[in-house]
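Undergrad: What follows is a structure written as structure tokens; I'll ask about it next.
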Amino acid sequence: MDCGFPGLDKLKGKRLATWADSDDALLAAFGAMGLSTNFTTHYTQLQTKMVDGAMGTAIPNLKSAGLGEFTKYRHMPFLYHNALTTVVGPMFWRQLPKDIQNIILTEVCPEVEKRANNRILELENSMIKFAEQGIGQKEILVPPEVFFPMLDWAVKNIWEKRVKDYPAGLPLWEEGARVTGYSLNNGKFSGVKEAWEKFYVEIFGGKLKK
């Protein structure tokens with residue numbers, strides 16, 4: 001986005017290209033406008049200044065989405081990957097012998113995860129280099145007084161609503177909560193802020209205000 005300090009007041013009146021209606025809802029709550037369109041149009045939207053930036057675009061897409069050419073800043077924190085994941089249907093999984101299931105979980109999945117992470121990190125580094133050398137794009141860590149109120153709003157108004165509206169997806173939410181370090185009970189999340197405070201400090205090098 002073309003604002004260097006993303007205070008909540010700086011979001012007001014901004015137009016951002018988005019991927020989904022959930023992004024639009026989050027932006028609207030803080031005075032901005034989300035334009036949910038096909039990802040392939042983001043490049044043209046940024047090039048023609050139809051939008052001021054884009055939301056939810058992964059670092060590997062800095063080049064294809066135009067963010068590495070037309071925006072001065074990229075804002076973190078952002079945890080995302082678009083790498084290959086090991087996925088099987090429940091009926092097929094239940095038909096597998098227990099020893100095969102165990103091999104998949106303890107040997108195959110960790111190896112796939114390792115290879116995928118390595119590929120994504122290599123790609124991210126190349127895209128960051130492209131953006132920084134191309135237009136001098138700078139990375140900015142969103143201050144905690146901005147990030148955590150937005151996270152809290154998203155949990156209450158998007159996450160919990162999705163859990164309620166799409167019960168078939170509950171196992172995915174539960175697994176996400178488990179591996180990330182927070183809880184989901186009776187449709188309500190807890191411990192999300194605490195888990196993200198750890199990410200904010202340890203992964204992104206941020207500082208929390210006491």
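Readers should treat all values here as calculations from the given coordinates under stated rules, not as data from a laboratory. What you are looking at is a predicted structure, and each value in this text was computed from that prediction instead of being measured. Glycine gets a Cβ as well: all are built from the backbone with ideal geometry, and neighbour counts include every protein chain shown.
Undergrad: Could you name the lysines in cross-link range of Lys49, using Cα to Cα under 29 Å and dropping any fewer than eight places away on the same chain?
TA: Once the sequence-local lysines are set aside, what remains near Lys49 is Lys10, Lys12, Lys14, Lys63, Lys72, Lys129, Lys138.
Undergrad: Taking the alpha-carbon distance from Lys198 and a cut-off under 19 Å, which lysines remain once sequence neighbours fewer than 8 residues away in the same chain are dropped?
TA: Lys207, Lys209, Lys210
Undergrad: Can you list the lysines whose alpha carbon sits under 18 Å from that of Lys164, skipping same-chain ones fewer than 8 residues off?
TA: Within the straight-line limit of under 18 Å, Lys164 reaches these lysines: Lys156, Lys188.
Undergrad: Can you give me the span-like helices of the chain, meaning DSSP H runs with 18 Å or more of Cα extent along the axis and Kyte-Doolittle mean at or above -1.0?
TA: Span-like helices, by this rule, are 109-135.
Undergrad: Take the Cα radius of gyration of the stretch 82-210 and divide it by 2.2 N^0.38 Å, with N its residue count; two decimals is plenty.
TA: So the stretch 82-210 has a normalised radius of gyration of 1.34.
Undergrad: Once the Cα atoms of the stretch 35-77 are picked out, what are the Rg and Dmax in Å?
TA: 9.3, 27
Undergrad: Compute, for the chain, the length of the dipole vector about the Cα centre, with Cβ point charges of +1 (Lys, Arg) and -1 (Asp, Glu) only. Units Debye, rounded to 20. Don't skip to the answer; put the middle values down first.
TA: Numbers: 26 positive and 24 negative charges, 69 e Å.
That gives the chain a dipole magnitude of about 340 debye.
Undergrad: If contacts are Cα pairs under 8 angstrom and at least 6 residues apart, what is the relative contact order of the chain in percent?
TA: After rounding, I find 19 percent.
Undergrad: What is the spread of the Cα atoms of the stretch 143-210 along each of their three principal axes, largest first, in whole Å?
TA: Over the stretch 143-210, Cα extents along the principal axes are 37, 22, 16 Å.
Undergrad: Give the Rg/Rh ratio for the stretch 13-148, taking Rg as the radius of gyration of the Cα atoms and Rh as the Kirkwood radius, to two decimals. Intermediate results must be reported in sequence, preceding the final value.
TA: On the way: Rg = 18.8 Å, Rh = 17.2 Å.
Result for the stretch 13-148 is an Rg/Rh of 1.09.
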